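In what follows, a single structure is set out as structure tokens and then discussed.
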Amino acid sequence: MNWQLSRLFAGIITIALTVGFAGTAHGQVGRPQGLADPNLAAEKDLLALPHLNAAIVKGILERRPFLSMTELNSFLSQSLKKEQLPELYAKIFLHINLNTAPREEILMIPGLGPRMLREFLEYRPYKTLAQFRREMGKYVDEKEVTRLEQYVFVPIPLNTASDADITSIPGLGPRMLREFKEYRPYGNIEKFRREMGKYVNAKEVARLERYVTLN
């Protein structure tokens, strides 16, 4: 009887952990845990972040959208000291592409050292964010997986992505969800740019494009 009860409790724990991980996943873009998007954050929210002053915030607003963390980091490094950046990046960060981000970008994630960099790279290519959670969960606890997830995304397949996947793109609401789906199938990325360009400007098309793929 004790053996059977042990197996039952083990099964319940396994289910609970699985549900816990699944419950925090959302589409293909990591859900923010208090982490702001530099391309979308309001001026007042940027001014409240560590080490940012009015001049830096003005520069962010004038230059966005940033299309990579490398680009954002290059701008911020002109004004901030190297040791200030990790504290800032714990509050604001541009999602990095799990499949293509260079090592230097991955290492911009606060608290991520060589060991976890190796694990990030080992499991490429990632097909889903759930895969990332599962693989990283082999090395760190659920809380840390959730923290890391908010920094990353897996490109969304334009022709097959679900509504949940599409609306996980930061700043994308019901109207653009409708437009994304209206023009399926996309035979090439130029069609995506052309059709989305009917509704938003070229900068916004470029911002959205970084989250999608035709592969």
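The values are calculated or read from the model by the stated rules, or taken from the named source; none is laboratory data. Small disclaimer: the values here were computed from a predicted structure and weren't measured. With ideal geometry, Cβ positions are generated from the backbone for all residues, glycine too; neighbour counts draw on all protein chains shown.
With respect to the conditions (1) farther than 18 Å from Tyr151 by Cα; (2) surrounded by 14 or more Cβ atoms within 10 Å (Cβ to Cβ); (3) not polar (S, T, N, Q), Val29 falls short on a single one, namely (1).
One residue stands out among those in segment 32-46 that are part of a loop (DSSP other than H, G, I, E, B), touching a residue at least 24 places away in the same chain (Cβ under 8 Å) and of a type in the set (A, V, I, L, M, F, W, C): the one that is surrounded by the fewest Cβ atoms within 10 Å (Cβ to Cβ), which is Leu40. The number of residues in segment 163-177 being outside any helix (DSSP H, G or I) and in contact (Cβ under 8 Å) with a residue 24 or more places away in the chain comes to 5.
Summed over segment 47-69, the residues that are farther than 21 Å from Tyr151 by Cα and assigned to a loop (DSSP other than H, G, I, E, B) give a count of 1. Taking segment 146-184 as the range and being in contact with a strand residue (DSSP E or B) (Cβ under 9 Å, 6 or more places away or on another chain), under 22 Å from Asn201 (Cα atoms) and among the aliphatic types (A, V, I, L, M) as the test, the residues that pass are Ile156, Leu158, Ile166, Ile169. Within segment 168-211, the residues that satisfy the criterion of being surrounded by 15 or more Cβ atoms within 10 Å (Cβ to Cβ) and within 18 Å of Pro38 (Cα to Cα) are Ser168, Ile169, Pro170, Leu172, Glu204, Val205, Arg207, Leu208, Glu209, Arg210, Tyr211. Pull up segment 61-84, narrow it to residues that are among the aliphatic types (A, V, I, L, M) and free of Cβ contacts under 8 Å to residues at least 24 places away in the same chain, then point me to the one that is surrounded by the fewest Cβ atoms within 10 Å (Cβ to Cβ). The extreme case among them is Leu61. Looking across segment 137-152, the residues that are surrounded by 13 or more Cβ atoms within 10 Å (Cβ to Cβ) and either within 19 Å of Leu35 (Cα to Cα) or free of Cβ contacts under 8 Å to residues at least 60 places away in the same chain (or both) come down to Val140, Glu142, Glu144, Val145, Thr146, Arg147, Leu148, Glu149, Gln150, Tyr151, Val152. Of the residues making up segment 178-215, those that are assigned to a loop (DSSP other than H, G, I, E, B), among the basic types (Lys, Arg) and within 24 Å of Val152 (Cβ to Cβ) number 1. A single entry from Pro110, Pro125, Pro155 fulfils the requirement of being closer than 20 Å to Met69 by Cα, exposed (fewer than 14 other Cβ atoms within 10 Å of the Cβ) and not small (Gly, Ala, Ser): Pro125. Exactly one residue among Ala36, Ala90 is of a type in the set (Gly, Ala, Ser) and in the same structural domain as Thr146 (by TED's automatic domain parsing), and that residue is Ala90.
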